[in-house]
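These notes are about the structure you will find just below.
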Number of protein chains: 2
Amino acid sequence: MLLSGKEPSQSLKDSVREKSKLFEQKFSRKPCLAVVFAGNNPASAVYVRNKKKACEECQIDHLDINLEEDISREELIGKVEELNRDEKVDGILVQLPLPKHLNETEIISCIAPEKDVDGFTNYNLGCLLSEEKGLVSCTPKGILYILDYYGIETSGKNICVMGRSRIVGKPIAALLTQKSRNATVTLCHSKTENAEFYLKNADIVICAIGKAHAVTEEMVKEDAVVIDVGINRVPDASKKSGYALQGDFCYSREDGGKLSVTPVPGGVGLMTVASLMENTLISACRRMGIEVEEL
Amino acid sequence: MLLSGKEPSQSLKDSVREKSKLFEQKFSRKPCLAVVFAGNNPASAVYVRNKKKACEECQIDHLDINLEEDISREELIGKVEELNRDEKVDGILVQLPLPKHLNETEIISCIAPEKDVDGFTNYNLGCLLSEEKGLVSCTPKGILYILDYYGIETSGKNICVMGRSRIVGKPIAALLTQKSRNATVTLCHSKTENAEFYLKNADIVICAIGKAHAVTEEMVKEDAVVIDVGINRVPDASKKSGYALQGDFCYSREDGGKLSVTPVPGGVGLMTVASLMENTLISACRRMGIEVEEL
């Protein structure tokens, strides 16, 4: 079975759009996302364009902050702080990677946690451990949405997370361990010596390594659920672009066979932008003193 | 083998004392810990007394803030904010549990992260995931110190953490997953259905459940390292107090045999206060713009 990201991402965006309309009726303004883009990295330009498009789909305003490649640290921090103070801005997204002379960690740490719709600040990461209300980073949030959408239970299940990145592996491990999810999670990484042991035992495998076909179907249970977060470019002469996109997981049957697998492309990747929209709406509501459910 | 907490805790306190002296020479003041104690819970009174005694041993000033049991939320928050602003205070410890009418989560969230020597705020919890510099909560920090003191390698090892509390299980799992530790961690809890599977495979087991003898030696590898964080009172007619202290781990040979075990009492418990002293020193140094290593 293939766990496509198309239907769940559309369903989430539809839901956000309906709620954004309610928000606008209630507060006479739309939720607003500030998109900070420094420089002109072509891949980033595509991502930024997709985010703005999703805003339009979801009835969310976007405030475009385009900055020069050579913007100084002080100017960029000043800009972020201005957005922190800006009453009409609900969410701030700083598109990564930043130009090389800037320290991403430092810049991200300047975003007010209540506007940090990427969920990258230490405060919001900490909320994943304390189980307090915060903003959850978009890809992990999208993974949970996919699991729920396809009715995949996590409570009491064994989950193997492959990869310990700050934006996927660690937050999804923390989220799945929470009382609302109750999974037993093992976090494997490049220094793990016996990943096979954990993979073979896992009901759900989350691949977030960033290496094409690093995990194969022989390594997992025959009926495992595999969430593939990897989006890797591999040379492919048959494509006009010269490359094809591959996930971290390699399986033989196109439909996954007994496995339940998110395809790449068309899987988790689609959820990330939809989650960003939901985070902007959540942030807008909280800034007005309510939760989304109260709209 | 028994991994006593006595020698490592004394070694850590000795080191903090020597560095506190250097701090005082350099900055003409001692590091200072504010100890906020609301009410008169007798167990808390013992803990508070031990912390003050450790301060004296380590050449750290303590500022004692004793508050009435019925202090209002607003007054207590006001007090914490006053300590946040107080230039001479480096660390703030709010003794838990707080009287029942107060929301602990809310009060803790008022402590400035740079003075949060218990490492309980969301910011400092988030640093465990981002691997940025923060203040690490005392018991997890003490566990790492014990492992290092006895030369127990964590890189590439399989570690099973039993218990997902905010103050022990989750932070120690996050710490051991960091690049500086490189362990492969499984976090088990009350909803885990096959903890035996992970226990039997673990090179190191960390018991932080809070249930006497919940894990037994039959459940772990014969040469496992077991860090026992539990301190449980069990009825014992032979004791004057009517109870004895037991850990979460049950083993038959007094010296642990082939196992390496932290005893209860006299194990991890001793490390917690020593770690608090170190955190106060770290916080004092950072507030003066240096790291402890630069003293």
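Fully extended, how many nm does the chain gain between A:Ser165 and A:Thr105 (0.36 nm per residue separation, minus their Cα-Cα distance)? List each step's numbers first, then the result.
Details: separation 60, 0.36 × 60 = 21.60 nm, distance 1.39 nm.
So the extension gain works out to 20.2 nm.
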For this session: May I ask you to report, in nm to one decimal and beginning with the shortest, the distances from B:Asp255 to the same position in the other copies, taking label points 7 Å along Cα-to-Cβ?
Result: 6.5
Problem set entry | Dimensions (Å) - region A:27-113, Cα atoms, principal axes, largest first | 40, 28, 18
Seminar exercise, completed: Two pseudo-spin positions, 7 Å from Cα along C-beta at B:Ser11 and at B:Ala112, lie apart in nanometres by 3.4
For this session: Go through region A:117-152 and flag every residue whose accessible area shrinks by 50 Å² or more with all protein chains in place compared to the isolated chain (probe 1.4 Å).
Result: A:Asn122, A:Leu129, A:Glu132
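Over chain B, what relative contact order in percent results from Cα pairs under 8 Å that are six or more residues apart?
On the way: 576 pairs, mean separation 65.9, N = 295.
So the answer I get is 22 percent.
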Exercise. So, with a 1.4 angstrom probe, what is the percent of accessible area on chain B that is carbon and sulfur?
Worked result: 50
For this session: Using the heavy atoms of the protein chains and a 1.4 angstrom probe, tell me the accessible area per residue for region A:27-113 in square angstrom.
Result: 50
Problem set entry | Ratio Rg/Rh [Cα only; Rh per Kirkwood] for region A:1-150 | 0.97
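Looking at region B:1-41, which chymotrypsin sites (Phe, Trp or Tyr not before Pro) are in a loop (DSSP not H, G, I, E or B) and have at most 16 other Cβ atoms within 10 Å? It would help to have the intermediate numbers written out before the result.
Details: sites: B:Phe23, B:Phe27, B:Phe37; in loops: none.
Of the chymotrypsin sites (Phe, Trp or Tyr not before Pro), not one in the loops of region B:1-41 has a Cβ with at most 16 other Cβ atoms within 10 Å.
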For this session: Name the residue farthest towards the positive end of the dipole of the protein assembly as shown from the options B:Ser283, B:Val161, A:Val292, assuming +1 on Cβ of Lys and Arg, -1 on Cβ of Asp and Glu, about the Cα centre.
Result: B:Val161
For this session: Could you point to the residue in A:Pro8, A:Asn182, B:Gln25 farthest towards the positive end of the protein assembly as shown's charge dipole, with +1 and -1 charges on the Cβ of Lys/Arg and Asp/Glu respectively?
Result: A:Asn182
Seminar exercise, completed: Looks like region B:94-184, by Cα gyration tensor root eigenvalues a ≥ b ≥ c and the a/c under 1.5 rounded cutoff (else prolate when a/b is bigger than b/c, oblate otherwise), is prolate
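Can you figure out the FRET efficiency of A:Glu294 with A:Glu82, using R₀ = 35 Å and their beta-carbon distance, to the nearest 0.05?
On the way: r = 30 Å, r/R0 = 0.85.
Taking R0 as 35 Å, the efficiency between A:Glu294 and A:Glu82 is 0.75.
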For this session: Quote the Stokes-Einstein diffusion coefficient, in whole µm² s⁻¹, for the protein assembly as shown, based on the Kirkwood radius over alpha carbon pairs, a temperature of 4 °C and a viscosity of 1.567 mPa s.
Result: 50
Exercise. Loop-only check: which trypsin sites (Lys or Arg not before Pro) in region B:190-295 are DSSP coil with at most 16 other Cβ within 10 angstrom?
Worked result: B:Lys191, B:Lys211, B:Lys239, B:Lys240, B:Arg253, B:Lys258
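Do any of B:Lys53/B:Lys240; A:Lys6/A:Lys157; A:Lys170/A:Lys258; A:Lys30/A:Lys239; B:Lys30/B:Lys211 go past 31 Å between their Cα atoms, and which?
Listed pairs above 31 Å: A:Lys30/A:Lys239; B:Lys30/B:Lys211.
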Problem set entry | Calculated P(r) tail over 36 Å for chain A, as whole % of Cα pairs | 17
Problem set entry | Principal axis dimensions, region B:138-269 - Cα atoms, whole angstrom, descending | 47, 30, 30
Problem set entry | Nearest-first distances (nm) between copies at B:Glu68, label 7 Å from Cα via Cβ | 6.2
Exercise. Taking the label point 7 Å from Cα in the Cβ direction, how far apart in nm is B:Ser11 from each other copy of itself, listed shortest first?
Worked result: 5.5
Exercise. Full extension from A:Lys133 to A:Cys250: what is 0.36 nm times the residue separation minus their Cα-Cα distance, to one decimal in nm?
Worked result: 38.5 nm
For this session: State to the nearest 20 debye the size of the charge dipole of region A:138-269 about its Cα centre, where the only charges are +1 on K and R beta carbons and -1 on D and E beta carbons.
Result: 580
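Skip the ligands, DNA and RNA, and give the accessible area per residue of region A:138-269 with a 1.4 Å probe, whole Å². Display every interim value, and only then the final one.
Values: 5550 Å² over 132 residues.
It amounts to 42 Å² per residue over region A:138-269.
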Exercise. Of the residues A:Asp86, A:Asp148, A:Asp236, which exhibits the maximal mean-square fluctuation in a Gaussian network model of chain A defined by a 10 Å Cα contact cut-off?
Worked result: A:Asp236
Exercise. B:Asn194 to B:Asp64: FRET efficiency via 1/(1 + (r/R0)^6), r the Cβ-Cβ distance, R0 60 Å, to the nearest 0.05?
Worked result: 0.80
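Interface B/A, total buried accessible area with a 1.4 Å probe, nearest 100 Å²?
On the way: alone 14420 and 14420 Å², together 25680 Å².
The contact between A and B buries close to 3200 Å².
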Problem set entry | Calculated [θ] (222 nm, deg cm²/dmol) that DSSP helices of n ≥ 4 give over chain B, each run adding -39,500 (n - 2.57) | -12000 deg cm²/dmol
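Calculate how many DSSP beta bridges within the protein assembly as shown are antiparallel, expressed in % of all such bridges and rounded to the nearest 5.
Antiparallel bridges: around 15 percent, rounded to the nearest 5.
Express in nm, to one decimal, how much length is gained between A:Lys240 and A:Thr216 on full extension, taking 0.36 nm for each residue of separation and deducting their alpha carbon distance. Walk me through the numbers on the way to the answer.
Numbers: separation 24, 0.36 × 24 = 8.64 nm, distance 2.73 nm.
Full-extension gain reported as 5.9 nm.
The values are calculated or read from the model by the stated rules, or taken from the named source; none is laboratory data. Bear in mind that the values here come from a model prediction, so they are computed numbers and not experimental data. Reconstructed Cβ throughout: ideal geometry from the backbone, glycine too, with neighbour counts over all protein chains shown. Just the protein is used for accessible areas: all its heavy atoms, side chains included, with ligands, DNA and RNA removed. Shrake-Rupley method; radii C 1.70, N 1.55, O 1.52, S 1.80 Å.
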